[in-house]
Amino acid sequence: MTTTQLNRKLTNALVLLRVFIGWHFLYEGIVKVYNPDWTSFGYLASAQGPFSSVFGALTGEAILPWVDTMNWLALMFVGITLILGIFEKAGALVGMALLAMYYLAHPSFPWLDQINVEGSYWFVNKNLIELVACWILFLQPTGATFGLTRLLSKTKTAQS
């Protein structure tokens, strides 16, 4: 296999990874918007580990509505940017920040009881894995291959 073929296959795989992660984030954001009973209170109130007091402070009556709104807005921003392949570096950064906060709220440390999470993975959980995948997408954006970035660059070139 030539280097060009390998690069094309790797780029195609990254595009697929980008769209799938974008779909996951967008879905999570939309579910929160359309569920009038959703709140991050339970997740934040049950936070564990060294930053539990920080996350607990976010459950205050005055701040929680802001936290909830910022959460679903950020989820939808990441989803839209990654699916559409535009501003994907910003989307990947916001995604990494969200995932880091989710991880730090409920770190998968073996000495902690895992409350309000999907199992314990001994240090590495799905949030940490998806964070690293977003880091890869940040380092290797693919919107110029498949996305609005490509369409907009073609439009700009055609107008010149």
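Structure notes:
- Meets criteria (in contact with a helix residue (DSSP H, G or I) (Cβ under 6 Å, 6 or more places away or on another chain) and either surrounded by 16 or more Cβ atoms within 10 Å (Cβ to Cβ) or within 28 Å of residue 122 (Cα to Cα) (or both)) for residue 14: no
- Filter result for the condition that a residue is of a type in the set (S, T, N, Q), at pLDDT 95 or above and farther than 30 Å from residue 154 by Cβ, over 40, 46, 108: 40
- Residue in segment 26-41 that is small (Gly, Ala, Ser), in contact (Cβ under 8 Å) with a residue 24 or more places away in the chain, out of contact with any Gly (no Cβ under 6 Å at 6 or more places or on another chain) and over 29 Å from residue 145 (Cβ atoms) present: yes
Results for (1) part of a helix (DSSP H, G or I); (2) within 19 Å of residue 97 (Cβ to Cβ); (3) free of Cβ contacts under 8 Å to residues at least 12 places away in the same chain, shown as yes or no for each residue.
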| position | (1), (2), (3) |
| --- | --- |
| 1 | no, no, yes |
| 6 | yes, no, yes |
| 18 | yes, yes, no |
| 49 | no, yes, no |
| 68 | yes, yes, no |
| 71 | yes, yes, no |
| 76 | yes, yes, no |
| 79 | yes, yes, no |
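- Qualifying residue in segment 21-36 (condition: at pLDDT below 95 and of a type outside the set (Lys, Arg)): yes
- Failed condition for residue 88, given (1) modelled with pLDDT under 95; (2) of a type in the set (D, E, K, R); (3) closer than 21 Å to residue 142 by Cβ: (1)
- Count of residues meeting criterion [within 24 Å of residue 134 (Cβ to Cβ) and either in contact with a helix residue (DSSP H, G or I) (Cβ under 6 Å, 6 or more places away or on another chain) or exposed (fewer than 13 other Cβ atoms within 10 Å of the Cβ) (or both)] in segment 36-65: 8
- For segment 114-139, a tally of residues being at pLDDT below 95 and either of a type in the set (Gly, Ala, Ser) or in a loop (DSSP other than H, G, I, E, B) (or both) returns 12.
- Scanning segment 69-93 for residues being farther than 18 Å from residue 15 by Cα and buried (at least 18 other Cβ atoms within 10 Å of the Cβ) gives a total of 5.
The values are calculated or read from the model by the stated rules, or taken from the named source; none is laboratory data. Since the model is a prediction, treat every value here as computed from it, not as a measurement. When we count neighbours, we look across all protein chains shown, and the Cβ atoms used for this are built from the backbone with ideal geometry, even at glycine.
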